[in-house]
Amino acid sequence: MNREIQIGRFRIVALEDGCFALDGGAMFGVVPRPLWEKLTPVNDDHTVPLSTTPFLVDDGKNKIVIEPGIGQRWSEKERVRYHIDHSEGRTLVESLREAGVQPEEVTHCLMTHCHWDHIGAVCGNDGLPVFREAEHWAPQVEIDCALNPDHLRRASYRADDIAPLLAEDLLQGFQGEFSPLEGIRMIPVGGHSDGVCLVLIEDGGATACFWADIVPTANHVALPFIMAYDMNAARSWEVRSQWIPRAAEEEWACLLYHDPVSPMGKFVSSERSFSFLPLDPSDCG
Ligand SMILES: [Zn+2]
């Protein structure tokens with residue numbers, strides 16, 4: 001399995017932060033179970049296994065973490081309900097060290113949205129920020145949701161993920177397209193959540209795209225495969241119709257957060273649909 005690729009001056013590494021599971025019906029939305037159960041293992045409680053895969057982007061000077069991970073600040077009840085498990089594989093900090101980067105060397109931590117399965121690892125077991133020297137960036141609307149969720153959003157956010165960053169002045173919000181440094185763009189698209197972003201990494205004519213929950217796994221590349229978790233499914237359809245064909249056409253390296261098997265690959269268009277092709281070793285730098 002490929003976990004590293006070079007895009008121009010950027011080395012991109014798929015890190016690890018455990019795995020979990022969510023209800024299969026919710027993960028596949030309107031797609032009927034007879035279709036999706038052929039694509040993935042299914043647990044006894046009807047959940048499907050998912051990874052939480054943060055990515056390191058390293059240009060030799062800046063060390064950027066995209067989407068820190070689910071973290072370990074969970075009660076026993078929550079661990080059981082969501083199958084949260086760090087026993088096999090590595091935590092965010094362990095996998096970062098294995099990639100040659102110490103937590104204090106991280107210069108930027110980019111969060112596409114503030115759902116707990118995406119940013120829980122931004123604070124350690126002591127509840128304090130892990131990347132003490134890093135600028136942390138998230139869409140402002142996502143920060144607001146995490147601090148003050150309404151009843152529709154409450155299940156997806158935890159203020160405890162965000163408050164320690166704000167208390168230490170490590171977190172900044174942005175509105176509209178935002179570039180934390182040259183070659184990296186966060187593009188808020190919405191649909192899945194109010195502010196969810198795509199992250200584009202561009203250099204030397206090559207592009208990588210981190211898809212957050214817009215395309216969570218390799219089984220969500222076909223356009224109708226929209227999660228039931230999405231706040232605005234019509235908007236998700238628009239976003240996916242705009243960006244997935246473009247990624248296929250321009251042969252972007254696609255970085256998937258929740259795919260337990262293949263975190264990196266390409267989208268390919270077949271006659272009437274789109275699918276996923278894991279990255280070939282020869283594509284890797
Ligand atoms: Zn997610």
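The values are calculated or read from the model by the stated rules, or taken from the named source; none is laboratory data. Keep in mind it's a predicted model, so treat the numbers as computed, not measured. Neighbour counts run over all protein chains shown; Cβ positions are idealised from the backbone, glycine included. Each accessible area value is taken on the protein alone, full model and side chains, heavy atoms only, with ligands, DNA and RNA left out. Shrake-Rupley method; radii C 1.70, N 1.55, O 1.52, S 1.80 Å.
Structural remarks
- Checking each residue in the range 12-29 for being open to solvent by 40 Å² or more (accessible area, probe 1.4 Å) and out of contact with any Leu (no Cβ under 8 Å at 6 or more places or on another chain) picks out only ASP23.
- Within this structure, GLY69 fails the test of being of a type in the set (Gly, Ala, Ser) and out of contact with any Leu (no Cβ under 9 Å at 6 or more places or on another chain).
- Tally of residues being open to solvent by less than 20 Å² (accessible area, probe 1.4 Å) and away from the ligand (no atom under 16 Å from the Cβ) across the range 255-280: 5
- Some residue of the range 167-183 being part of a loop (DSSP other than H, G, I, E, B) and within 16 Å of the ligand (Cβ to nearest atom): no
- Among the conditions (1) of a type in the set (Val, Ile, Thr); (2) open to solvent by 30 Å² or more (accessible area, probe 1.4 Å); (3) within 18 Å of TYR257 (Cβ to Cβ), the only one that VAL141 does not satisfy is (3).
- Residue pairs meeting the criteria (Cβ under 8 Å; at least 6 apart or on separate chains; first surrounded by fewer than 13 Cβ atoms within 10 Å (Cβ to Cβ), in the range 77-103; second at pLDDT below 95 and assigned to a loop (DSSP other than H, G, I, E, B)): GLU98/ARG90
Residue-wise test of (1) modelled with pLDDT of 95 or more; (2) within 16 Å of the ligand (Cβ to nearest atom); (3) in contact with a Pro (Cβ under 9 Å, 6 or more places away or on another chain).
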site	(1), (2), (3)
ASP23	yes, yes, no
ASP58	yes, no, no
GLU76	yes, no, no
GLU98	yes, no, no
GLU105	yes, no, no
HIS108	yes, no, yes
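- Across the range 125-137, the number of residues qualifying as closer than 22 Å to ASN62 by Cβ and either touching a residue at least 40 places away in the same chain (Cβ under 8 Å) or among the polar types (S, T, N, Q) (or both) comes to 6.
- Taking the conditions (1) touching a residue at least 12 places away in the same chain (Cβ under 8 Å); (2) open to solvent by 70 Å² or more (accessible area, probe 1.4 Å); (3) not acidic (Asp, Glu) in turn, LEU165 satisfies each one other than (2).
- Members of the range 138-157 found to be without any contact (Cβ under 8 Å) to a residue 40 or more places away in the chain and more than 16 Å from GLY176 (Cα to Cα), listed by number: ALA146, LEU147, ASN148, PRO149, ASP150, HIS151, ARG154, ALA155
- Evaluation of ALA155 against (1) at pLDDT 95 or above; (2) within 16 Å of the ligand (Cβ to nearest atom) (one fails), failing number: (1)
- Cβ pairs under 6 Å, 6+ apart, first in the range 53-74 and in contact (Cβ under 8 Å) with a residue 24 or more places away in the chain and within 12 Å of CYS109 (Cα to Cα), second polar (S, T, N, Q) and open to solvent by 10 Å² or more (accessible area, probe 1.4 Å): ASN62/THR107; LYS63/THR107
Residue-wise test of (1) in a helix (DSSP H, G or I); (2) within 16 Å of the ligand (Cβ to nearest atom); (3) on the phi < 0 side of the Ramachandran plot.
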residue: ILE187; (1), (2), (3): no, no, yes
residue: GLY190; (1), (2), (3): no, yes, no
residue: GLY195; (1), (2), (3): no, yes, yes
residue: VAL199; (1), (2), (3): no, yes, yes
residue: GLU202; (1), (2), (3): no, no, yes
residue: ALA212; (1), (2), (3): no, yes, no
residue: LEU223; (1), (2), (3): no, no, yes
residue: MET231; (1), (2), (3): no, yes, yes
residue: TRP237; (1), (2), (3): yes, no, yes
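- Output for the range 1-46, where each listed residue is under 20 Å from VAL221 (Cα atoms) and part of a strand (DSSP E or B): ALA14, ALA21, LEU22, ASP23
- Residue in the range 26-39 that is over 22 Å from TRP237 (Cα atoms), within 16 Å of the ligand (Cβ to nearest atom) and at pLDDT 95 or above present: no
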